[in-house]
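The structure under discussion appears below in the form of structure tokens.
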Amino acid sequence: ITQEVDGIADRNAIGGDMRYYDPHQSYYTLVDYDLLYNSLNTMMLQATWMTESQTTYNLLLDYRNAPTLQTTNAVLGQPVSSISTLLQTTTEEALRQQARDNTPVSKVYLLGFTRPFNKIWQYGGDIRGFSTSDTVLSPGSSSTVYTVQGIGTGLLTQRDITVLSYAYTNSDTIAANSLSFNNRSPIGDKWTLSTGLLYAVQDATSGSRTTTTRPTLRVAYRWKEKVTLEMEANFDSTTIDSAMTQTERHDPFYSLGYRWDF
């Protein structure tokens, strides 16, 4: 790929992807290398394995410039919006250095598994990590999320799916614990009822604690073969405790819409 902006090179890169599938495993990898900046823009690997005991393992490794490194990134944080304007007072090489300085590197990894427990339940867990590097515009950040869950089928009705989940998040600024329950139950051939409940406690490094409870109700009606009408309602109840004050918020949310599959 080659791009130009206002008469100078914006991006010049080479890359490709490879995929492999069979009944027990799959792999997908993507690489994008920028020849103009001599920078690895993207390197991603996604893999899935299934053992004879029906245990499924998932792996994701993702390294990338976010956004993609290109000369137009030099305008980020500037009072102007065009490269041509910056070229009036800045050299082309200086613009490219600004683009490098403005572009953070994002790193993501995930390793997880699911395994059948009996005819109704399966259990699993994963660990996910996220990080972004520092730039001249903003500091970087990092977080790690640990999740365990149980997935039940046919627990309440013949075709329902129930998910029980616990997650622990640890980042530069917060530590959070959350418990959630979600159930999706088809009713007849046209109706689907989904219910959920989330309870989360978040402790910030500043010393404050945020507690959130969120019940959710979704109803879907398949009006035609490819059109579904959907309604959702939830209610956030949040309490923020700090050293000096306690704040409570109660936020209802409603939506009504449709989904057209074509």
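The values are calculated or read from the model by the stated rules, or taken from the named source; none is laboratory data. Computed from a predicted structure; not experimentally measured. Counting neighbours? That spans all protein chains shown, and the Cβs are built from the backbone with ideal geometry, glycine included. Accessible surface is based on the protein model in full, side chains and every heavy atom, while ligands, DNA and RNA are left aside. Shrake-Rupley method; radii C 1.70, N 1.55, O 1.52, S 1.80 Å.
Some notes on this structure:
- The range 102-127 residues that are more than 14 Å from Thr56 (Cα to Cα), paired with ones that are of a type in the set (A, V, I, L, M, F, W, C) and outside any strand (DSSP E or B) (beta carbon under 7 Å, 6 or more apart): Asn102/Ala74; Asn102/Leu76; Asn102/Val136; Asn102/Leu137; Thr103/Leu69; Pro104/Ala66; Ser106/Ala66; Ile120/Leu155
- Within the range 215-262, tally of residues that are open to solvent by 80 Å² or more (accessible area, probe 1.4 Å) and assigned to a strand (DSSP E or B): 13
- Any chance Ala175 is open to solvent by less than 70 Å² (accessible area, probe 1.4 Å) and closer than 23 Å to Thr144 by Cα: yes
- Matching residues, the range 132-172, being among the aliphatic types (A, V, I, L, M) and either open to solvent by 80 Å² or more (accessible area, probe 1.4 Å) or within 22 Å of the chain's Cα centre (by Cα) (or both): Val136, Leu137, Val145, Val148, Ile151, Leu156, Val163, Leu164, Ala167
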